[in-house]
């Protein structure tokens, strides 16, 4: 398995930081929540794209293990 490089670590740290900084759920209709949610979604997408590019063999082997719905 390939190891994460510095870019991967930075993306993962940003995603964890965003998730930890989530506003309390009672403010879902609040603008602060919407801003946080959009930012967290962008970082999550960036994280998944990084994994797709850098770990293609892992993606293929994991797909075989996933149940079909």
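How large are Rg and Dmax for segment 6-54 when only the alpha carbon atoms are used, in Å?
Considering segment 6-54 through its Cα atoms, Rg and Dmax are 12.1, 37 Å.
Taking 35 Å as R0, compute the FRET efficiency from the Cβ-Cβ separation of residue 30 and residue 9 and round it to 0.05.
According to the calculation, E is roughly 0.65.
FYI, it's all coordinate maths here, none of it is from the lab. Keep in mind that this is a model prediction, so the values were computed, not measured. When we count neighbours, we look across all protein chains shown, and the Cβ atoms used for this are built from the backbone with ideal geometry, even at glycine.
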